[in-house]
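Worksheet: the structure to be examined is printed underneath.
Here, each number is a calculation from the coordinates, and none is a lab measurement. Everything quoted here is computed from the prediction, not taken from an experiment. As a convention, Cβ positions derive from the backbone with ideal geometry for all residues, glycine included, and neighbour counts pool all protein chains shown.
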Amino acid sequence: MTLTERLGEYIRACFTGIWIESHEYQDAHVAIAQLCQQENWKLGTWNIEQGLRVSGASVENSGSDPLTAIRSVNSLATQDGTAILVLQNFHRFLSSAEIVQALSHQVIAGKQNRTILIIISPVVQLPIELEKLFVVLEHELPDRQQLGEIARGIAIEEGELPTGSDLEIVLDAAAGLTRMEAENAFSLSLVRHSRITSEAVWELKSGMLKKSGMLELHRGHDDFGSLGGLSSLKSFCKRALLHPSRGNVLRRPRGVLLLSPPGCGKSQFCKSLGQEVGRPVLMLDVGSLMGSLVGQSEERTRQALRIIDAMAPCVAMIDEVEKAFAGVNSHGDSGVTSRMFGTFLSWLNDHTSDVFVVCTANDVSKLPPEFGRSERFDGIFFLDLPSREEKDAIWSIYLNQFEIDRQQRMPDDANWTGAEIKACCRLSALLDVPLAQAAQNVVPVATTASESVDRLRTWASGRCLSAQQPGVYHTSSLKPGSRRKVGRDSSTN
Ligand SMILES: Nc1ncnc2c1ncn2[C@@H]1O[C@H](COP(=O)(O)OP(=O)(O)O)[C@@H](O)[C@H]1O
Ligand SMILES: [Mg+2]
């Protein structure tokens, strides 16, 4: 349903207080104006700079006083018609008790003479007195068809607009942008390349996502070839994502939760998954969603999730999720984290967009228990320290990458993770020393944090799928010798 259609329903049902959450005032206003024209409703608009305007002309002496603005809706009322007053960015004035009172009075009185207040603002900040009086509508980001129209409106010369699958790629790239952002991205692309290209759109989009401070687009070229081992996890995700029935909503994959000691390749896995299956990877920074104002954090969470939905098909990555939602059961932040977490969980359950979510965690004991309920993810995987064969594969990747001579004595890599193998190779290349010498500077996490590694394994046993081999992970099912006893002298975490 378009914004115009939804608005039409609410206005006909005489909802006299409507809050439209939109970053695109102009566009939302056009939707309202169209509706008013269709239905023959009277329309006035007010903002602090221009005062009241009716039918495009400013009303004299309407002034910049928001109180007068609220009351002026009555001057628009007609005998038996509907009158609408649009208030732009009115959230700015809601700290005043007088304004809140006037709004609440007007919304109730509006039922008598069919006068309707519509606030258009990029955020929803309703004071408690107004919460039940206003209905909130989201102004959705443009869908592919609308983006296509925008592109066609800009690329009017021959050859400027790509066709067929090239156009699809451009529209994929533009998904998640507002109308104005898309317009800008397309225009810039025309100026630079004389045609609309997906690269220019991607470039702008990365910048815009970064500016929002909540999401970052990962753009790398590493695929699964950059990761040794983890064969079961790799094939699970590939099958789920490349399955031909992906279009069917019921069969859409939801995502996976990855659990392991640090350095076993969880983050790297998420990043390379995008490249492997041809989807953009969006990294959600939960810490950045925390706002300082009441309600802001949930608002930002919803906003970020909306962008993710609009970017589908994509991979959404939430790294170290146990840290992100660390405060869930504490009362330190008056429940902000819990509410954000709640918003996130319901999205995880209910989203119908084609978004594959990959969450990672290093420590399960800090993870709220409701997180791991089975239906939220397609699988919860445990990535154990790499086995002998896996370590050989990882060595091979990094010996190649750092151009290290293979004809030398290999260091003892008992209990090493992929990260430690990589660090050893990097050091050896950097300092130009043999691997065995570089290895003296590597302290395996399985030694420094042996207890937490053990705890993680015990927890995962019987509960998680193994990332390394098909089936459920069991500590005891590991091949003899692959689970070495780890030192107990020191423990952190
Ligand atoms: N199985 C592996 N194959 C290749 N590289 C690995 C592997 N596991 C870890 N690494 C490398 O170690 C580094 C740290 O891995 P990362 O993905 O950040 O681990 P985690 O997120 O589990 O803590 C990365 O540069 C990654 O490429
Ligand atoms: Mg990581």
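Calculate, for Met410 and Thr4, the FRET efficiency according to 1/(1 + (r/R0)^6) with r their C-beta to C-beta distance and R0 45 Å; round to the nearest 0.05. It comes out at approximately 0.10. For a paramagnetic label modelled at 7 Å from the Cα of Gln50 toward its Cβ, which residues of region 1-39 fall within the zone defined by backbone nitrogen distances under 12 Å? Only 26-27, 29-30 fall inside the zone, counting backbone N under 12 Å. Which residue, Pro127, Leu273, Leu147, has the largest displacement toward the positive end of the dipole of the chain when charges sit on each Cβ (Lys, Arg +1; Asp, Glu -1)? With unit charges placed on the Cβ atoms, the residue in question is Leu273.
Between helix 450-460 and the chain there is an angle of about 70 degrees, using the helix long axis and the longest principal axis of the Cα atoms.
Would you calculate a helix-derived [θ] at 222 nm for the chain, using -39,500 (n - 2.57) for each DSSP H run of n ≥ 4 and dividing by the full residue count, to the nearest 500?
Here the helix-only value at 222 nm equals -13000 deg cm²/dmol.
Close amide H partners of Val86, meaning residues 5 or more places away or on another chain with modelled amide H under 5 Å apart, are Gly44, Thr45, Trp46, Ile118. Database remark: amide H of Leu465 closer than 5 angstrom to the amide H of Ile380, Phe381, Phe382, Tyr473 (H placed geometrically; neighbours at sequence offset of 5 or more, or on other chains; Pro and chain starts carry no H). Between region 131-188 and region 25-43, what is the C-alpha centre distance in whole Å? After rounding, the separation between the Cα centres reads 21 Å. Taking 0.36 nm per residue of separation and subtracting the Cα-Cα distance, full extension of the segment from Ala13 to Glu375 would add 126.5 nm. Highest mean packing first, where packing is the average number of other Cβ atoms within 10 Å per residue, the peptides 439-452, 156-169 line up as 439-452, 156-169. Kirkwood radius and radius of gyration were both taken over the C-alpha atoms of region 388-442, and their ratio Rg/Rh is 0.90. Our estimate of slack between Ile128 and Leu242, defined as 0.36 nm per intervening residue step minus the Cα-Cα distance, is 36.3 nm.
3J(HN,Hα) along region 24-32, derived from phi through the Karplus expression 6.51 cos²θ - 1.76 cosθ + 1.60 where θ = phi - 60°, amounts to 10, 3, 4, 5, 5, 5, 4, 4, 5 Hz, with x in place of Gly and Pro. A crude spin-label estimate for the pair Ser95 and Ser212, with each label 7 Å from Cα along the Cβ direction, gives 2.7 nm.
Charges only on Cβ, +1 for Lys and Arg, -1 for Asp and Glu: so what's the dipole of the chain about the Cα centre, in debye to the nearest 20? Working shown, then result.
Details: 50 positive and 58 negative charges, 278 e Å.
Using Cβ point charges on Lys, Arg, Asp and Glu, the chain gives about 1340 debye.
Taking a straight line from the alpha carbon of Lys266, these aspartates and glutamates sit under 12 Å away, with near neighbours fewer than eight places off in the same chain left out: Asp319, Glu320, Asp384.
Each residue, Gln437 and Val30, gets one label point 7 Å from its Cα in the Cβ direction; the gap between the two is 6.8 nm. Taking amide H positions as modeled 1.01 Å from N, with prolines and chain starts lacking one, the residues under 5 Å from Leu137 and 5 or more places away or on another chain are Trp19, Ile20, Glu21.
For the peptides 129-140, 313-324, 386-397, the ranking by packing is 313-324, 386-397, 129-140, with the highest mean count of neighbouring Cβ atoms within 10 Å listed first.
Expressed in Å, the radius of gyration and Dmax of the Cα atoms of region 1-71 are 12.9, 39. When the pairs Lys205/Lys366; Lys42/Lys210; Lys323/Lys422; Lys210/Lys366; Lys132/Lys210; Lys205/Lys323 are compared against a 32 Å limit on Cα-Cα distance, Lys205/Lys366; Lys42/Lys210; Lys132/Lys210 fall above it. Expressed to the nearest 5 percent, the antiparallel share of DSSP beta bridges inside the chain is 25 percent.
For the chain, the longest principal axis of the alpha carbon atoms and the long axis of helix 418-431 meet at an angle near 80°.
Once you order the gyration tensor axes a ≥ b ≥ c over the Cα atoms, which shape class does region 180-305 get: rounded for a/c under 1.5, otherwise prolate or oblate by comparing a/b with b/c? It comes out oblate by the Cα gyration axes. State whether region 3-138 is rounded, prolate or oblate according to the following rule on the C-alpha gyration tensor (a ≥ b ≥ c being the square roots of its eigenvalues): a/c under 1.5 gives rounded; otherwise a/b larger than b/c gives prolate, and the remaining case gives oblate. In terms of gyration-tensor shape, rounded.
Once both labels are positioned 7 Å from their Cα atoms along Cα-to-Cβ, the gap between Asp350 and Glu403 label points is 5.6 nm. Computed over the chain, the alpha-carbon pair-distance distribution with 20 angstrom bins reads 20, 43, 27, 9, 1, each value a whole percent. Shape of region 144-212 from the C-alpha gyration tensor: prolate (a/c of 1.5 or more and a/b above b/c, with a ≥ b ≥ c the square roots of its eigenvalues).
The long axis of helix 198-212 is offset from the longest Cα principal axis of the chain by roughly 80 degrees. Partner aspartates and glutamates whose Cα lies under 15 Å from the Cα of Lys391, excluding those fewer than 8 positions away in the same chain, are identified as Asp412, Asp413, Glu420.
Partners of Lys238 within straight-line reach, counting aspartates and glutamates whose Cα lies under 18 Å from its Cα and excluding those fewer than 8 residues away in the same chain: Asp222, Asp223, Glu276, Asp354, Asp378.
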